[in-house]
Amino acid sequence: MNNFTFYSPTEFVFGRGTEQQVGDMCLKYGAQRIMIVYGGGSIIKSGLLDKVSASLDAAGLPIIELKGVQPNPIDTKVYEGITLAKAFKPNLILAIGGGSVIDTAKAIAVGYYYEGDFWDFYIGKAKPQQAIPVGVVLTIPAAGSEGSGNTVITNTTTHVKAGLRQPMILRPKFAIMNPELTMTLPAWQTASGITDMMAHILERYLSNTTDVQIGDRLAEGMLMAIMETSEKLMANPNDYEARANIMWCGTIAHNDTCSLGRQEDWNSHAMEHEISAEYDVTHGAGLAVIFPAFLQYASEHNPHKVAQLAHRVLGIADSGNVKEDALKGALKLKEWLHNTLNMPVNFKQLGIENPDLELMNTRLHRLKGEIMQGYMPLDAQATMEIYRLAL
Ligand code: NZQ
Ligand code: ZN
């Protein structure tokens, strides 16, 4: 196991009716003026915005709203938010929604203190030193941003979708998580969210670091629990216990609990970000297309962890042939994503008949370098092969 530091100060308030505590939570973290950030209107339709506003009102907190964050959030909304924040001077940003809303809130939170363009942080030109505290009311279990130190934004000029990872300042102060709030999700979003959290676990599981049994077993257990629970949830979207298990899993899948002390691999995510940046597809659905292809490639080039996954999680018997078992595992996972979650597992099913693979691959390596390090070193030829396997 490698050395590590782990700083995860988020207070999670989980369960039925917890959104009513939002005013008190804001006060607890010293808020006096609040900027609310939300998406395209699901929280208006569900009545959540009214409930949150009432709780903030009862706490005597003045608010300003930034609405209209879109899935695969974009830089222009961040600029709008920074301008609004500079005028209003909030000392807490409250994100009500999912990854896109939370990531926008985090981008505003760091951009607020910076004289230059906030985008500098996302392309490694500058490092943020401070951020306005962020609080969350989560409405979709997927990206894990409620517990992560990450934010991902798309630049509308360059079409680059890039992430910033700063756990010391970007993990939210608190996250309110009521599984009931996720019952209004369309099945597609529920399933895409589940796929995303599975990918977050797998990106950590695919590691060459040895003697990381705790991380491995946590990851395997979570994947098994997700697969078991998803079947119940897809059959009955109003199953509270299934919603609750999936919601909590989305958080621990991405708050680093299962990646401590090990090398991680974020190359499937980087490859997916090119797809959602160019074609504006749902992130989890893009992963359902890329991940099986990535595992298939790994079965040939570095099969040991894929075979372990196949044996321990996917019910593949150990034949003694690592490559063969790994490939069987990759195909079984692909089949499960398609059959249980109704996810697209190739570009065509994702609705992209003729993806511009050259364009995505060129942008990918421009952003990530000639060789992408991780579970397997990937040059442009390797990533192109993976994209082709996903056709
Ligand atoms: O905008 P509204 O109207 O609220 O609708 C949203 C949106 O259309 C809808 N929705 C959310 N909660 C709902 C609901 N509809 C009905 N009922 C509810 N309770 O769901 C749609 C998707 O929302 P979004 O926030 O985009 O989903 P998600 O949480 O999957 O976030 C995806 C974004 O997060 C990034 C992805 O790349 C993508 O841009 N990621 C962020 C990460 C991080 N910060 O750590 C890590 C991830 O790997 C990921 O890259
Ligand atoms: Zn993700």
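The values are calculated or read from the model by the stated rules, or taken from the named source; none is laboratory data. It should be emphasised that the depicted structure is a prediction, and the values quoted were computed from it without experimental measurement. Glycine gets a Cβ as well: all are built from the backbone with ideal geometry, and neighbour counts include every protein chain shown.
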(request) Give the residue, chosen from 257, 282, that is within 13 Å of ligand 1 (Cβ to nearest atom), in contact (Cβ under 8 Å) with a residue 24 or more places away in the chain and not aliphatic (A, V, I, L, M). (result) 282
(request) Read through the list (1) outside any helix (DSSP H, G or I); (2) surrounded by fewer than 22 Cβ atoms within 10 Å (Cβ to Cβ), then give the number of the only condition that residue 231 fails. (result) (1)
(request) Test each condition in (1) touching a Leu at 6+ places or on another chain (Cβ under 7 Å); (2) of a type in the set (A, V, I, L, M, F, W, C); (3) over 26 Å from residue 4 (Cα atoms); (4) more than 16 Å from ligand 1 (Cβ to nearest atom) for residue 306 and report the one that comes out false. (result) (3)
(message) Filter the range 253-263 down to the residues that are touching a Leu at 6+ places or on another chain (Cβ under 8 Å) and within 15 Å of ligand 2 (Cβ to nearest atom) and list them by number.
(response) 258
(request) Give the residues of the range 29-48 that are under 23 Å from the mean Cα position of the chain (by Cα) and not small (Gly, Ala, Ser), sorted by residue number. (result) 35, 36, 37, 38, 43, 48
(request) Would you be able to tell me the number of residues in the range 265-279 that are within 25 Å of residue 211 (Cβ to Cβ) and within 12 Å of ligand 1 (Cβ to nearest atom)? (result) 2
(request) Can you tell me which residue within the range 115-129, out of those that are farther than 22 Å from residue 254 by Cα and outside any loop (DSSP other than H, G, I, E, B), is nearest to ligand 2 (Cβ to nearest atom)? (result) 119
(message) Name the residue that is farthest from ligand 1 (Cβ to nearest atom), counting only residues in the range 197-227 that are of a type in the set (D, E, K, R) and either modelled with pLDDT under 95 or closer than 19 Å to residue 284 by Cβ (or both).
(response) 204
(request) Scan the range 130-149 for residues that are within 15 Å of residue 192 (Cβ to Cβ) and either of a type in the set (D, E, K, R) or within 16 Å of ligand 2 (Cβ to nearest atom) (or both) and report the count. (result) 6
(request) Spot the failing condition for residue 31; the list is (1) part of a loop (DSSP other than H, G, I, E, B); (2) surrounded by fewer than 22 Cβ atoms within 10 Å (Cβ to Cβ); (3) small (Gly, Ala, Ser), and only one is missed. (result) (2)
(message) Given (1) closer than 21 Å to residue 219 by Cβ; (2) of a type in the set (Val, Ile, Thr); (3) not in a helix (DSSP H, G or I), identify the lone condition not met by residue 306.
(response) (3)
(request) Select from the range 179-190 the residues that are surrounded by fewer than 24 Cβ atoms within 10 Å (Cβ to Cβ) and in contact (Cβ under 8 Å) with a residue 60 or more places away in the chain and write down the one among them that is farthest from residue 16 (Cα to Cα). (result) 188
(request) Would you point out which residue out of 160, 134 is under 27 Å from residue 47 (Cα atoms), more than 9 Å from ligand 1 (Cβ to nearest atom) and touching a Leu at 6+ places or on another chain (Cβ under 9 Å)? (result) 134
(message) Restricting to the range 86-131, name every residue that is over 21 Å from the mean Cα position of the chain (by Cα), among the aliphatic types (A, V, I, L, M) and surrounded by fewer than 21 Cβ atoms within 10 Å (Cβ to Cβ).
(response) 87, 126
(message) Pull out all pairs, ordered by first then second residue, where Cβ-Cβ is under 9 Å, the residues are six or more apart or on different chains, the first lies in the range 148-173 and is within 22 Å of residue 361 (Cα to Cα) and modelled with pLDDT of 95 or more, and the second is in a loop (DSSP other than H, G, I, E, B) and aromatic (Phe, Trp, Tyr).
(response) 153/118; 163/266
(message) Quick check on my filter: what residues within the range 223-267 are under 27 Å from residue 5 (Cα atoms) and of a type in the set (Lys, Arg)?
(response) 262
